[in-house]
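Structure first, then comments.
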Amino acid sequence: VQAIISTLFYLWNRSDRLSLAAALRSPLFGLSEQEILDVFTSDEEPGAALRSLLPAVGALFDSWAPFCGTEPLAGLVRRIIADTGAYVRFGKLNRQAVFNLDKLLDMAHDFDRRGFTTLQDFVERVKTIRGSEQREAAADMYLPGLDGAVSIMTVHKAKGLQFPAVFLPAMNQQSRSVTLGPAVLFGPGDAVRRVT
């Protein structure tokens, strides 16, 4: 997902060299450090250097550019995923990545439905989320053959995910504030008595 986001950042702002380098280094493009160094140390600006040094990669970015302002975000994200073979590239490394890409597409569709159809709106939204340190949970992963598997996670990590059964261990223990504080009895009315 970060590779797609970096690609979108660069398509929105062609002077964002950091996003371009992150996208090129990711499995989405899989360039070596030397190839990336050659692009950024060229006498040409990075886009032109990509066209001359790595024509196939440069052609991809050039083919996506016309859709940045004319197509809803979900269409652009779908094009990037299809043209780069992202499902295969990331799916080989981690099956969860396929579900995360689907979740990114769902987010883009939702973004379009809300009326934010420009790439700039989406980039600004992602920057806001990053700035406030909000984190999206990973997409639910229900794969064939993994029925009956147990997921162990914190309550915070499970936020937004749904499971048919949830177990919260150690809920029968008293909280530390009660066990470390003074023992108190509550009587009828407002009577409170400390136990010694």
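The values are calculated or read from the model by the stated rules, or taken from the named source; none is laboratory data. If you're wondering where the values come from, they're calculated on a predicted model, not measured in any experiment. FYI the Cβ positions are ideal-geometry reconstructions off the backbone, even for glycines, and counts take in every protein chain you see. When the accessible area is computed, the model is the full protein with side chains, heavy atoms only, and any ligands, DNA or RNA have been set aside. Shrake-Rupley method; radii C 1.70, N 1.55, O 1.52, S 1.80 Å.
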Response to the item:
Once normalised by the length of the range 1-109, the mean sequence separation of its alpha carbon contacts under 8 Å that are 6 or more apart gives a contact order in percent of 24
Discussion item. What's the ranking of 70-79, 5-14 by average number of surrounding C-beta atoms within 10 Å, highest first?
Written reply: 5-14, 70-79
Worksheet item: For the range 49-55, what does the Karplus curve 6.51 cos²θ - 1.76 cosθ + 1.60, with θ = phi - 60°, yield as ³J(HN,Hα) per residue in whole Hz, taken in order and with x for Gly and Pro?
Response: 5, 4, 4, 8, 7, 10, x
Worksheet item: Accessible area per residue of the range 17-80 at 1.4 Å probe, in Å²?
Response: 48
Worksheet item: Efficiency by 1/(1 + (r/R0)^6): what FRET value for Leu105 and Arg14, r their Cβ-Cβ distance, R0 = 35 Å, to the nearest 0.05?
Response: 0.90
Practice prompt. When a/c is below 1.5 the answer is rounded, else prolate if a/b is larger than b/c, else oblate, so apply that to the range 50-121 with a ≥ b ≥ c taken from the square roots of the Cα gyration tensor eigenvalues.
Written response: oblate
Response to the item:
Here the range 6-13 yields Karplus 3J(HN,Hα) values (6.51, -1.76, 1.60; θ = phi - 60°; whole Hz; Gly and Pro given as x) of 4, 4, 5, 4, 5, 5, 6, 10
Discussion item. For the range 1-138, I need the span (max minus min coordinate) of the C-alpha atoms along each principal axis, in Å, sorted largest to smallest.
Written reply: 42, 32, 28
Response to the item:
Calc'd 3J(HN,Hα), the range 60-67, phi into Karplus 6.51 cos²θ - 1.76 cosθ + 1.60 (θ = phi - 60°), Hz, glycine/Pro = x, comes to 4, 4, 5, 6, 7, 3, x, 8
